[in-house]
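Enquirer: Take a look at this one; I'll ask things after.
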Amino acid sequence: MRRKLAAGNWKMNGLRADLEQLRSLCAAKGGEDTDILICPPALLIAEAAALCRGHSIHIGGQDCHMARSGAHTGDVSAAMLKDAGATAVILGHSERRADRGETNDIVQDKARAAQNAGLMAIICVGESLEERENQATLDVIRQQIAASVPEGVTGDNTVIAYEPCWAIGTGLTASPEQIGEVHDFIRALLEDRFGSDKGQSVRLLYGGSVKPDNASQIFAVPNVDGALVGGASLKASDFLPIIKALDDAAKPS
Ligand code: 13P
């Protein structure tokens, strides 16, 4: 059984005062069946990790460099994230692929660096609107999975997030059919490459305008093991109902 995962990506949002939202999450505490991860901006990781210590909420980064250390001004290594208290890192988010020109090869090198540092890599894939309209979605996903995901994948060190670019921050969500098709496809690709046991153990998250009012519908889709949530992870009052929907989806019906 794969444990459900509710992951929040704060992106470039949040000042120290906003850690209050994390305090509220800690106070409300998540369900037994759901892992909770918040990825705040790098500068808040150490303080966030300290305040979540002893609670069942994990803290992650939003990117890391592929090198262990060295002359890379402004960058943060996987070891530094780990040292600050992070247990995971988001890699290859479409905003970084678009804004920073991150290629599949770069994402794979970063994922390897995360594995080596003992961080769980959340590797993001997803098609653009144009690619979907040209019926290229599955080809794009195949390429991204083949080239962004390193060898040595296990359910502990890797999570895949399917985030269709056109659904991010737009209020548009992929339909359950669209999500199901891509998640089943990713599952088959992972099983093919890493074998059935490992392929089955990797969690697949959906991301793209997940909100309290659409979460249950999304979590009912087979092979959806949770969500990577942007805007609705910034406030505990929005994120808690999403966690609750995931808890409910984890309960045997
Ligand atoms: P939104 O939930 O704001 O659409 O963002 C999704 C996302 O990009 C999470 O990584």
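Enquirer: Sort 214-223, 194-203, 155-164 by the packing proxy (mean of other Cβ within 10 Å over each peptide's residues), most packed first.
Expert: Put in order of decreasing packing, that is 155-164, 214-223, 194-203.
Enquirer: Enumerate the calculated ³J(HN,Hα) couplings along segment 2-14 in order (Karplus 6.51 cos²θ - 1.76 cosθ + 1.60, θ = phi - 60°), each rounded to whole Hz, writing x wherever the residue is Gly or Pro.
Expert: 7, 6, 5, 9, 9, 10, x, 10, 6, 6, 8, 10, x
Enquirer: Also, quick follow-up: At R0 = 30 Å, how high is the FRET efficiency between Gln217 and Arg3 if r is their beta carbon distance? Nearest 0.05 is fine.
Expert: It comes to 0.90.
Enquirer: A further question follows. Would you mind calculating the relative contact order of segment 85-142 from Cα pairs under 8 angstrom and at least 6 residues apart, reporting the percent as a whole number?
Expert: Across segment 85-142, relative contact order equals 39 percent.
Enquirer: Return the distance in nm (one decimal) between the two label points of a simple spin-label model at Asp99 and Arg68, each offset 7 Å from Cα along Cα→Cβ.
Expert: A separation of 3.0 nm, rounded to one decimal place.
Enquirer: Work out, step by step, the length gained on full extension between Lys251 and Thr87: first 0.36 nm times the residue separation, then minus their alpha carbon distance; give nm to one decimal.
Expert: Extra length available between Lys251 and Thr87 comes to 56.5 nm.
Enquirer: Over segment 1-77, what is the relative contact order in whole percent, taking alpha-carbon pairs under 8 Å and six or more residues apart?
Expert: The normalised contact order for segment 1-77 reaches 31 percent.
Enquirer: Net charge near Ser56: determine it from the other residues with C-beta under 13 Å of the C-beta of Ser56, scoring Lys and Arg +1 and Asp and Glu -1.
Expert: 0
Enquirer: Pick from Thr170, Thr137, Thr34: which residue has the top mean-square fluctuation in a GNM of the chain where Cα pairs under 10 Å get a spring?
Expert: The residue with the greatest mean-square fluctuation here is Thr170.
Enquirer: Taking a 19 Å limit on the Cα-Cα distance, which of the listed pairs Lys29/Lys244; Lys4/Lys198; Lys198/Lys251 fall beyond it?
Expert: Lys198/Lys251
Enquirer: Also, I was wondering about something else. With every protein chain kept in place and ligands, DNA and RNA left out, what is the accessible area per residue of segment 101-197? Probe 1.4 Å, answer in Å².
Expert: For segment 101-197, the per-residue accessible area is 42 Å².
Enquirer: Show the residues, 5+ positions off or on another chain, whose built amide H is closer than 5 Å to the amide H of Lys4.
Expert: Asp35
Enquirer: Hey, another quick one. Can you give the FRET efficiency for Asn134 and Ala188, using 1/(1 + (r/R0)^6), R0 = 22 Å, r = Cβ-Cβ distance, to the nearest 0.05?
Expert: According to the calculation, E is roughly 0.50.
Enquirer: Mind putting a number on the dipole of the chain about its Cα centre? Charges go on the C-beta only, +1 for Lys and Arg and -1 for Asp and Glu, and I need it in Debye to the nearest 20.
Expert: It comes to approximately 720 debye.
Enquirer: Of Gly8, Val182, Ser148, which is farthest towards the positive pole of the chain's charge dipole, taken about the Cα centre with +1 and -1 on the beta-carbons of Lys, Arg and Asp, Glu respectively?
Expert: Gly8
Enquirer: Can you tell me, using C-alpha contacts under 8 Å and at least 6 residues apart, the relative contact order of segment 49-161 as a whole percent?
Expert: Relative contact order, segment 49-161: 25 percent.
Enquirer: Rounded, prolate or oblate for segment 103-153? Axes are the square roots of the Cα gyration tensor eigenvalues, ordered a ≥ b ≥ c, and the cut-off for rounded is a/c under 1.5.
Expert: prolate
Enquirer: Can you give the local net charge around Pro41? Use residues other than it whose beta-carbon is closer than 12 angstrom to its beta-carbon, Lys and Arg +1, Asp and Glu -1.
Expert: With Lys, Arg at +1 and Asp, Glu at -1, the neighbours total -1.
Enquirer: With all pairs of different alpha carbon atoms counted, what Kirkwood hydrodynamic radius in Å does segment 130-253 show?
Expert: After inverting the mean inverse Cα-Cα distance, the result is 15.0 Å.
Enquirer: OK, next. Roll a 1.4 angstrom probe over the protein heavy atoms and tell me the percent of accessible area of the chain that is carbon or sulfur.
Expert: Of all accessible area on the chain, carbon and sulfur atoms account for 51 percent.
Enquirer: How big is the dipole moment of segment 175-253 about its Cα centre under a simple scheme where the beta carbon of each Lys and Arg is +1, that of each Asp and Glu is -1, and everything else is neutral? Debye, nearest 20, please.
Expert: Once rounded to the nearest 20, the dipole reads 260 debye.
Enquirer: When the label point is put 7 Å from the Cα of Gln200 along its Cα-to-beta-carbon vector, which residues of segment 177-191 have a backbone N closer than 19 Å?
Expert: Those under the cut-off are 183-191.
Enquirer: Let me ask something else about it. Round to a whole angstrom and tell me the spacing of the C-alpha centers of segment 113-192 and segment 27-59.
Expert: 24
Enquirer: Also, I was wondering about something else. Based only on Cα atoms, what mean projected area does the convex hull of the chain have, in nm²?
Expert: Result: 12.6 nm².
The values are calculated or read from the model by the stated rules, or taken from the named source; none is laboratory data. Predicted model, so just to flag it, every value in this text is computed and none were measured. Positions of Cβ are backbone-derived with ideal geometry, glycine not excepted, and every protein chain shown enters the neighbour counts. Please note that ligands, DNA and RNA were not included when accessible areas were found on the heavy atoms of the full protein model with its side chains. Shrake-Rupley method; radii C 1.70, N 1.55, O 1.52, S 1.80 Å.
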